[in-house]
1. Can you pull out the residues in segment 80-89 that are assigned to a loop (DSSP other than H, G, I, E, B) and either open to solvent by 10 Å² or more (accessible area, probe 1.4 Å) or out of contact with any Lys or Arg (no Cβ under 8 Å at 6 or more places or on another chain) (or both)?
2. Considering segment 38-76 alone, what residues qualify as being in contact with a Gly (Cβ under 8 Å, 6 or more places away or on another chain) and closer than 26 Å to Pro3 by Cβ?
3. In segment 170-190, what residues are over 29 Å from Pro129 (Cα atoms), touching an Asp or Glu at 6+ places or on another chain (Cβ under 7 Å) and either part of a strand (DSSP E or B) or open to solvent by less than 30 Å² (accessible area, probe 1.4 Å) (or both)?
4. Could you grab me the full set of residues in segment 101-121 that are farther than 19 Å from Lys159 by Cβ, of a type outside the set (S, T, N, Q) and open to solvent by 30 Å² or more (accessible area, probe 1.4 Å)?
5. Considering only residues that are polar (S, T, N, Q), part of a loop (DSSP other than H, G, I, E, B) and touching a strand residue (DSSP E or B) at 6+ places or on another chain (Cβ under 9 Å), which ones fall in segment 116-161?
6. So the check is Cβ under 7 Å with 6+ separation or different chains; which pairs have a first residue in segment 9-23 that's assigned to a helix (DSSP H, G or I) and a second one that's modelled with pLDDT under 95?
7. Name the pairs: first residue in segment 155-167 and among the small types (Gly, Ala, Ser), second residue assigned to a loop (DSSP other than H, G, I, E, B), Cβ to Cβ under 9 Å, at least 6 apart or on different chains?
8. Which count do you get for residues in segment 69-79 that are crowded, with 20+ Cβ neighbours inside 10 Å and either modelled with pLDDT under 95 or in contact with a Pro (Cβ under 7 Å, 6 or more places away or on another chain) (or both)?
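The values are calculated or read from the model by the stated rules, or taken from the named source; none is laboratory data. Owing to the predicted nature of the structure, the values given are computational and were not obtained by experimental measurement. Please note: Cβ atoms are built from the backbone with ideal geometry, for glycine as well, and neighbour counts cover all protein chains shown. Accessible surface is based on the protein model in full, side chains and every heavy atom, while ligands, DNA and RNA are left aside. Shrake-Rupley method; radii C 1.70, N 1.55, O 1.52, S 1.80 Å.
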Amino acid sequence: MRPFVSVVIPTYNRPYPLAELLEALSRQTYRHFEVIIVNDGGIPVHDVVALYPELDVRLIDRRDNEGHVAARNIGVKAARGEYIMLCDDDDLVLPCHLERMVTALRDADFAYADAEIVQYRTENDRRIPSARFLFAYEYDLEAMRTFSTYVPSGSVYRKALHDNIGDFDPSVHHYWDWDFFLRAAAACRVTRVAAATVLYAFSPDGDNVSRHMNDKRRQYLRRLCEKHGLGDLPMKNFWLLLDEPEVAKRRAKSEVIWDGKPVVSRFWMQKKQDGVDKRFWGLL
């Protein structure tokens with residue numbers, strides 16, 4: 001029997017990237033899955049969801065913005081699947097992704113894929129890829145206690161894992177994924193899939209990363225270090241860390257599949273058509 005997968009997506013005020021992700025999910029070769037979207041107090045996304053009737057989507061609207069970690073916990077609790085797939089609302093997965101991950105879980109409990117880190121420019125609400133680089137590193141648990149090379153988007157694991165290790169931890173906030181990975185790796189069989197089937201949106205100036213390492217972020221890192229006995233880890237620029245010898249020597253070969261083309265969503269196409277119609281009737 002094919003395992004049923006619950007794709008858990010927290011979202012907050014990013015309807016266009018969310019629509020691209022739903023478009024990417026609609027193209028998956030593995031079809032036995034549901035999508036749980038937790039709208040964490042953001043603008044309504046019902047019109048986005050409605051454009052993908054072939055997907056089994058459950059939309060959970062939260063009145064207040066409680067944070068992305070809490071939203072993930074809500075999504076996992078609502079999941080009906082034997083497996084959970086995590087995904088941020090601005091990341092994408094290639095059509096073969098879910099099928100490869102489910103295959104990898106025949107001999108493991110937790111699978112994560114390599115990624116291409118993608119920078120975008122936005123034109124008329126459409127994201128256009130402007131730069132990309134491969135993010136692929138050997139799975140080395142001890143080394144990942146110093147610098148995590150786990151990309152949470154697209155990772156798939158057995159839902160029963162939460163019965164063992166508990167929920168995602170909001171107290172470490174920015175480092176929830178690192179914390180989750182370390183707890184999971186200590187409790188179950190982990191495998192890395194050496195194919196870049198995840199497109200991870202990243203901007204040094206944008207939503208993903210702050211250039212200013214503020215006190216809050218330092219506080220979260222201290223909590224993570226205390227929780228896992230990691231010592232006193234320094235806060236360093238992500239791009240500089242990738243060039244450090246201990247990280248660079250872990251770089252690995254990976255299958256690169258993406259053709260570099262942007263994902264065009266039905267939501268964007270509809271909005272574009274609405275604009276054309278309004279111009280035609282003199283409403284714009």
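1. Arg80, Glu82, Cys87, Asp88
2. Scanning segment 38-76 gives Val38, Ile60.
3. Selection gives Val172, Asp179, Cys188.
4. Across segment 101-121, the qualifying residues are Tyr120, Arg121.
5. Matches in segment 116-161: Thr149, Ser153, Ser155.
6. Tyr16/Asp125
7. Matching pairs, first to second residue: Ser155/Cys87; Ala160/Glu82; Ala160/Asp109.
8. Result for segment 69-79: 4.
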